[in-house]
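Visitor: To start, I am sharing the structure in question, which I have written as structure tokens.
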Amino acid sequence: MASDRSLDRGMDRGGKSAAALDDAGAPADGRRLSEIATSQAPSAKGAGAEDFDPANLPDEERNALFACMELLFFAYREFTSEPDAILETYKFGRAHHRVLHFVSRNPGLRVADLLEILKITKQSLARVLKQLVDEGFIVQEAGRTDRRERLLYVTERGKSLAGQLADLQMMRLRNAIASAGPDSEGKLRSFLLAMIGEDQRKLVARLIDKTGDLDTPG
């Protein structure tokens, strides 16, 4: 991994992207990215989304978007760093983490549905599942109405590990939301849902919403 100094130099070579946001998340000139995008967006009568070309964006908007992309990268790096260290002690990776998480949150999840959630191949999932089953983190049961279906459940060992990893990430999220100020949780949810393809948003919302109060944009 590059040193902090070389990383800083790399960010500098990228132009103004790393410096395009101030501490509050606004572009350096004080305007919000949403204000820039709104002021420069084509009218409803103009070209459609399929005609959009990022290469034609004004430098101001490109720099702000680059900064957001890089913030997403670094936020995800930190979000996964502590769980990664624990997973490494089991010789597990992030694929194991995702399987454990969604099976823990959705007891009796079908293998077919897990494939749809993770968007990975059957072969990739089979390797991860075999290791989790062999080491006592997950059990598979036949479906009650269709014996060909495989339903997944975490064992006590799996529940304990999934909970340990979730607690670390919850704490980081909780601290970040508290630091970001009022209504940041609602804005974060809206932003993350908007990042998901429109054809998948309602499916994702139904999967993750355990309270019934999650609105979907669009």
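Visitor: Using the Karplus curve 6.51 cos²θ - 1.76 cosθ + 1.60 with θ = phi - 60°, what ³J(HN,Hα) values do you get for each residue of region 73-79, in whole Hz, with x for Gly and Pro?
Guide: 4, 5, 5, 5, 4, 6, 4
Visitor: Something else: Fewest Cβ neighbours within 10 Å first, please rank Arg189, Arg77 accordingly. Walk me through the intermediate numbers first.
Guide: On the way: Arg189 17, Arg77 10.
Going from least to most buried by this count: Arg77, Arg189.
Visitor: Tell me, Tyr90, Tyr153 in order of fewest to most beta-carbon neighbours within 10 Å? Don't skip to the answer; put the middle values down first.
Guide: Values: Tyr90 13, Tyr153 16.
Lowest to highest Cβ neighbour count: Tyr90, Tyr153.
Visitor: Arrange the following residues from fewest to most other Cβ atoms within 10 Å of their Cβ: Ser179, Ser184. Intermediate values should be presented prior to the final figure.
Guide: Values: Ser179 8, Ser184 13.
Lowest count first: Ser179, Ser184.
Visitor: Length gain on complete extension for the stretch Glu135 to Arg157, per 0.36 nm per residue less the alpha carbon to alpha carbon distance?
Guide: Once the chain is fully extended between Glu135 and Arg157, it gains 7.0 nm.
Visitor: Average the reciprocal distances over every distinct pair of alpha-carbons in region 90-164, invert the result, and give the Kirkwood radius in Å. Walk me through the intermediate numbers first.
Guide: Values: mean 1/r = 0.0819 Å⁻¹.
About 12.2 Å for region 90-164.
Visitor: Let me ask you something else. Hey, rough spin-label estimate for Arg105 and Arg206, points 7 angstrom out along Cα→Cβ, what's it come to in nanometres?
Guide: 1.6 nm
Visitor: Another one. Taking R0 as 25 Å, what's the FRET efficiency between Ser81 and Ala126 from their Cβ-Cβ distance, rounded to 0.05? Walk me through the intermediate numbers first.
Guide: Values: r = 28 Å, r/R0 = 1.11.
Efficiency at R0 = 25 Å is approximately 0.35.
Visitor: By average Cβ neighbour count within 10 Å, what is the ranking of 192-199, 79-86 from highest down?
Guide: Working: 192-199: 11.8, 79-86: 14.9.
The packing order, highest mean first, is 79-86, 192-199.
Taken together, the values in this text are just the output of simple stated rules run on the coordinates, not laboratory data. Owing to the predicted nature of the structure, the values given are computational and were not obtained by experimental measurement. Because the Cβ atoms are built from the backbone with ideal geometry, glycine has one as well, and the counts that use them run over all protein chains shown.
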